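J.: This is the structure I have questions about; it appears just below.
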Amino acid sequence: MQYKLQGRAIVALTAWDYMSGVIVDQAGADLVLVGDSLAMAVLGHDSTLPLTLDEMLHHGRAVRRGVKRALVVLDLPFLTYQESVGQAIASAGRALKEAGMQGVKLEGGHPEMIETVRRLVNIGIPVMGHIGLTPQSLHQLGLRQQGQGEAEQAALIDQAVALERAGAFALVLEHVPAELARQISQKLMIPTIGIGAGPDCDGQVLVTADLWGLSDRQPPFAKVYVNLRQAALGATAEFCEDVRAGRFDPKA
Ligand code: KIV
């Protein structure tokens, strides 16, 4: 909230292990998200749905060991918080107690989720909201841009306001029209963090595997800053050739 008041853009990046946590932290991210995108980018699933809480906590602990400065938030995986408020408290509690997280992120802004956010915040668990394209609702919403047409836009604005009132400390806006993201960002006191939501959010988040060009399934709104996949492929192929040709010498 303070960053927003100061007009300072928030930089958020995902991390999935110690190494990625160290790099994004040392590079200056303000917020490190142990995102459930790791299900696809790192674990090779076709969606985020199969990921378990135990898997997330395992990755979260590794990230936590690497991040010394930024705020670390963990995505609660599909069906580890939607069933009941009690389930959400138990899952979020494990994220804080067992993985040292400083907050959790939940997808959705429907009334039951608003109540869940309110209860978590009331017992001292910081919550980041996430609306727009919510990959855990893949089979209902698909992967298309959300907030198309007046009714969808009005619903997203209502959800954003309700999440702020419930006590969320920030709100991820994924794959919504830039103008809608601008309007929501202006309306809220809490910061919006956009991904595929135009330049006028209070901060931006990228999936780090996309930023590094490591992922083989980038969404259309991802931005690749360096092609590490290509570099790693080239270096690895060179090592293979050196060994096979009898040229490999670790000292050369
Ligand atoms: O899981 C994730 O990486 C996310 C980002 C898209 C914000 O939720």
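The values are calculated or read from the model by the stated rules, or taken from the named source; none is laboratory data. Given the structure is predicted, the values throughout are model-derived calculations rather than measurements. Reconstructed Cβ throughout: ideal geometry from the backbone, glycine too, with neighbour counts over all protein chains shown. Ligands, DNA and RNA are excluded from the accessible area calculation, which covers all protein heavy atoms including side chains. Shrake-Rupley method; radii C 1.70, N 1.55, O 1.52, S 1.80 Å.
J.: Here are G35, G44, G28: which of them is more than 26 Å from C201 (Cα to Cα) and either crowded, with 19+ Cβ neighbours inside 10 Å or not hydroxyl-bearing (S, T, Y) (or both)? Steps first, answer last, please.
T.: Values: G35 fails: more than 26 Å from C201 (Cα to Cα); G28 fails: more than 26 Å from C201 (Cα to Cα).
Just a single option satisfies the conditions, and that option is G44.
J.: When the residues of segment 9-22 are filtered to those that are in contact with a strand residue (DSSP E or B) (Cβ under 9 Å, 6 or more places away or on another chain) and open to solvent by 50 Å² or more (accessible area, probe 1.4 Å), which remaining residue is nearest to the ligand (Cβ to nearest atom)? Talk me through it step by step, then tell me what you get.
T.: Of the residues in segment 9-22, the ones in contact with a strand residue (DSSP E or B) (Cβ under 9 Å, 6 or more places away or on another chain) are 9-16, 20-21.
Keeping just the survivors that are open to solvent by 50 Å² or more (accessible area, probe 1.4 Å) gives 9, 11.
Values: A9: 16, V11: 13 Å.
The extreme case among them is V11.
J.: Can you tell me which residue within segment 204-220, out of those that are part of a loop (DSSP other than H, G, I, E, B) and under 16 Å from P135 (Cα atoms), is least open to solvent (accessible area, probe 1.4 Å)?
T.: So the first thing to find is which residues in segment 204-220 are part of a loop (DSSP other than H, G, I, E, B), and the list is 207, 212-220.
Next, from what is left, pick out any that are under 16 Å from P135 (Cα atoms): 207, 217-220.
Details: V207: 26, R217: 96, Q218: 74, P219: 42, P220: 122 Å².
Only one residue fits best here, namely V207.
J.: For segment 120-150, give me the residue count where each residue is within 21 Å of Q87 (Cα to Cα), in a loop (DSSP other than H, G, I, E, B) and not hydrophobic (A, V, I, L, M, F, W, C).
T.: Quick first cut of segment 120-150, residues within 21 Å of Q87 (Cα to Cα) only: 120-131, 134-137.
Restricting the remaining residues to those that are in a loop (DSSP other than H, G, I, E, B) gives 123-126, 134.
With not hydrophobic (A, V, I, L, M, F, W, C) added as a condition, the list becomes 124, 126, 134.
Here the count works out to 3.
J.: Could you figure out which of (1) within 16 Å of the chain's Cα centre (by Cα); (2) farther than 29 Å from R119 by Cβ; (3) polar (S, T, N, Q) isn't true of Q145?
T.: All conditions pass for Q145, except number (1).
J.: For segment 104-125: of the residues being within 13 Å of the ligand (Cβ to nearest atom) and of a type outside the set (D, E), which is surrounded by the most Cβ atoms within 10 Å (Cβ to Cβ)?
T.: First, the residues of segment 104-125 that are within 13 Å of the ligand (Cβ to nearest atom): 104-108.
Then keep just the ones that are of a type outside the set (D, E); that gives 104-106, 108.
Values: V104: 27, K105: 25, L106: 25, G108: 20.
Ranking the qualifying residues of segment 104-125, first place goes to V104.
Residue by residue, here is whether (1) within 20 Å of the chain's Cα centre (by Cα); (2) β-branched (V, I, T) holds:
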residue	(1), (2)
S185	yes, no
P191	yes, no
Q204	yes, no
V207	yes, yes
Q218	yes, no
L228	no, no
A232	no, no
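J.: Do you know which of the residues in segment 126-147 that are at pLDDT 95 or above and over 18 Å from G196 (Cβ atoms) is most open to solvent (accessible area, probe 1.4 Å)?
T.: H139
J.: Can you tell me which of A27, A39 is touching a Leu at 6+ places or on another chain (Cβ under 9 Å) and more than 12 Å from the ligand (Cβ to nearest atom)?
T.: A27
J.: Same structure, new question: Which residues, counting only those in segment 162-187, are more than 14 Å from the ligand (Cβ to nearest atom), closer than 22 Å to L143 by Cα and in a loop (DSSP other than H, G, I, E, B)?
T.: P177
J.: Still on this structure, please answer the following. Conditions first: (1) within 22 Å of A181 (Cα to Cα); (2) surrounded by 14 or more Cβ atoms within 10 Å (Cβ to Cβ). E150 passes all but one, so which condition is the exception?
T.: Going through the list (1) within 22 Å of A181 (Cα to Cα); (2) surrounded by 14 or more Cβ atoms within 10 Å (Cβ to Cβ), E150 breaks only (2).
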